[in-house]
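Here the structure is laid out as structure tokens; the discussion comes afterwards.
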Amino acid sequence: MNITYDEKLRLFRLTAGDMLYAMAVTDGEYLAHVYYGKALPDEDLTELLRLDEPPFTPSVNNRDKACYMDTLPFECPCFGTGDYREHAVEILDDAGMSACDFRYVSHSITPGKPGLPGLPATFGREQDAMTLCILCRDTHARLELELRYSVFRGLNAILRSALVRNTGDKNCRLRRLLSATLTLDEDGYDMLTLNGSWARERHVERCRLHMGKQRVDSLRGESSHQHNPFFALLEQNGDEDRGICYGLNLIYSGNFMAQAEVDQHRTVRAQLGINPTDFTWLLEPGEEFAAPEAVLVWSEQGLGGMSRTFHDLYRQHLIRSKYRDMPRPVLINNWEATYFDFDAEKLLAIAKEAASLGIEMLVMDDGWFGHRDSDNSSLGDWYVYEKKLKGGLKPLVDKVRGLGLKFGIWFEPEMISPDSDLYRAHPDWAIRIPGREMTLCREQYVLDYSRQDVRDYVYGMLRDILTSADISYVKWDMNRQLTEVGSGMLPADRQRELWHRYVLGVYELMERLVTEFPDLLLENCSGGGARFDPGMLYYSPQIWASDDTDAVERLKIQYGTSLCYPVSAMGAHVSDCPNHTVGRSTPFQTRGHVAMAGTFGYELDVTRIPAEDRAQIPEQIANYKRYSHIMQEGDQFRIGNPFGTEGFDAWIFVTKDKREGLFTYVQTLSRPNVRSRRIRLKGLDPEGWYRCSDNGKTYSGAYLMQAGLRMPNLWGDFQSRQIYFEKTEQYKTEEEA
Ligand code: GLA
């Protein structure tokens, strides 16, 4: 890991893992991208910018400067001075003019990784990270632009962010500031994005890049079910294990844009940042605005290599919770068990049975507060619904604790129901445009989290509940998106800041929560997995992946999610059948195997499920505990593809030392007259010997990875197998084993 600057060549080199990222200051003091890929020896790379090729050198040939501007691979392209591709920064100055032109001024290289005030960001010790900060200036607009680049030891990742500062004496409006722009020299890539809807989040789509702009984005106020702030560019003949791949992910939980543009010369401009639509930020003299951090990952081992870098980066440098490195308690959540129809007695019956089976925590979901019997009231009234919990929360929690279980609770702190005491007292606390009809969604409105008074009040209520009983876990939900985005507190020229101020408000409240309650396990949730983004991982080490708990649907959701998020962050539960979302029945064992590739738990009425299912729970939990370290801390290798036509999915987790592997195979529909398949495992030590838990035999790692493990067609639909491999010193025959 290193960052250097070659004074003569005016070349920056950032190295980490086995990658190199290079930029140069060009003629005219522009900062241009030179190279991002496998590390190269120390040599002159500036030729890659074709600086001598007329008309590409403005100082020699200025008559065609616009052509230069429209071709140079800018690190931070500006609007209005000749670069007609998608720009990263745009302003509106005091005179109503919109062009800007930032030129290189100076730079600093420092050990460590600074944070971003008010925003989630990666972190690292001084000896594990380095940061380059490049200062650029627009002398006409009197603005400064800081471009930050960080690297972490051993990781093929670059962390980027940008900051604009008004150093003049007049107001300026920032109309966009994207977090990262990356140029690829040719367009032979496919773009992979994660898209979907409620109950089918993060399905993978792969499309060939073509001329023009291809983008996913959100204007919903959160990262959303529909698109994730992620995309990958994978060489056209690349796949899970092969090919050059670039992954981009934004550490942000609000409106975003993620775009790739193929220009007239077939170079690719890949960009990521806050969605500029409906965004404007007023910068008064002396003020600054920081864009959220973007992650760029390079891999020469296809999608798999990219994913493993993301997983390591997030586990080591983004997730802060102490639970990051701890086995998570196996929980039971009452949502699919009871929905709103519960009381303390019912919960205790579930807790009692759960305790006897080895479950470790009861989570009381929606419906315990105000007078909430359905989803049409009480959000904002965070005090106990006495009809359901007689005598309050503490007696219930004490009894649950007495059974040896921890206790967790559900909140939806960003919301307000029209039918609530809070709304009756403070209708202006909802996000709204005064006089305009407010659009309802799930019968609720969104609180104006740009307001300190609103945040303080909500936090006070949360705090009162959390200190009233022994509570170990909070599920923080968010069940609608934003409309009529207006705030009663902001002046007209700051109204368009509300989208971002809302997100900053959410971050502030989460920060207060995890600071005051450091032992609390926080799980983020948004109508299932609508806020599964790296911003949230900074506060909550796990995120509910989807309201769809069907094991077969989950294969797709968890596969897509794993492209950039580690399984240690993926909330996954075993639920009852027929599944409440799709009506499908799958074996209890399969549901367990699929949920184990996540933060394992149950979401069913354990007192009412079939006895033969219930009987499997203790063994399921024991297996999860036995193997969770392999999944939580090891490397993940995807083997099957649930979006493919092969009729199965498979994956293996391997510990970093390659001593243990946990392989899971899920057959979807059973087919007649099909011969067994050879499934080639991945990630093992080819020179090592492994004992297979399924048949007790010993296989070489090379055999398992090159010849493959023979997997017969399983009898019945949705069957699964989980096989544990442990390194042994030597080969043993079946008889010896
Ligand atoms: C959302 C969550 C669910 C559940 C309900 C409660 O949909 O994703 O898990 O908590 O809200 O209303």
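Assorted remarks:
- Evaluation of Arg608 against (1) assigned to a loop (DSSP other than H, G, I, E, B); (2) within 16 Å of the ligand (Cβ to nearest atom) (one fails), failing number: (2)
- Number of the condition not met by Asp101 [criteria: (1) outside any loop (DSSP other than H, G, I, E, B); (2) touching a residue at least 24 places away in the same chain (Cβ under 8 Å)]: (1)
- Residue pairs meeting the criteria (Cβ under 8 Å; at least 6 apart or on separate chains; first without any contact (Cβ under 8 Å) to a residue 60 or more places away in the chain, in the range 355-375; second near the ligand (Cβ under 10 Å from one of its atoms) and hydroxyl-bearing (Ser, Thr, Tyr)): Gly367/Tyr339
- The single condition among (1) of a type in the set (Gly, Ala, Ser); (2) on the phi > 0 side of the Ramachandran plot; (3) more than 21 Å from the chain's Cα centre (by Cα) that Gly528 does not meet is (3).
Table: residues versus (1) touching a Gly at 6+ places or on another chain (Cβ under 9 Å); (2) within 22 Å of Val503 (Cα to Cα); (3) among the acidic types (Asp, Glu).
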position	(1), (2), (3)
Phe123	yes, yes, no
Leu145	no, no, no
Ser150	yes, no, no
Leu159	no, yes, no
Leu163	no, yes, no
Lys170	no, no, no
Arg176	yes, yes, no
Asp187	no, no, yes
Asp190	yes, no, yes
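- Criterion applied to Leu20, Leu92 was being surrounded by 15 or more Cβ atoms within 10 Å (Cβ to Cβ) and touching a residue at least 60 places away in the same chain (Cβ under 8 Å), and the one residue passing it is Leu92.
- Asp519 among the acidic types (Asp, Glu), more than 14 Å from the ligand (Cβ to nearest atom), in a helix (DSSP H, G or I) and surrounded by fewer than 24 Cβ atoms within 10 Å (Cβ to Cβ): no
- Filter result for Phe310 (aromatic (Phe, Trp, Tyr), buried (at least 21 other Cβ atoms within 10 Å of the Cβ) and away from the ligand (no atom under 16 Å from the Cβ)): yes
- Residues of the range 611-633 satisfying the condition of being in a loop (DSSP other than H, G, I, E, B) and closer than 25 Å to Thr668 by Cβ: Gln616
- Boolean, Ser468 is away from the ligand (no atom under 16 Å from the Cβ), closer than 20 Å to Ser526 by Cα and in contact (Cβ under 8 Å) with a residue 40 or more places away in the chain: no
- Counting only strands (runs of 3 or more DSSP E) that fall entirely inside the range 189-283 and contain at least 1 residues that are more than 18 Å from Phe643 (Cβ to Cβ) and modelled with pLDDT of 95 or more, the qualifying elements are 189-197, 212-217, 227-235, 245-250, 256-262, 268-274, 281-283.
- Qualifying residue in the range 147-156 (condition: β-branched (Val, Ile, Thr), surrounded by 21 or more Cβ atoms within 10 Å (Cβ to Cβ) and touching a helix residue (DSSP H, G or I) at 6+ places or on another chain (Cβ under 6 Å)): no
- Members of the range 434-488 that are of a type in the set (D, E, K, R), more than 30 Å from Gly402 (Cβ to Cβ) and outside any loop (DSSP other than H, G, I, E, B): Asp453, Arg455, Asp456
The values are calculated or read from the model by the stated rules, or taken from the named source; none is laboratory data. Computed from a predicted model, the values in this text were never measured in an experiment. Positions of Cβ are backbone-derived with ideal geometry, glycine not excepted, and every protein chain shown enters the neighbour counts.
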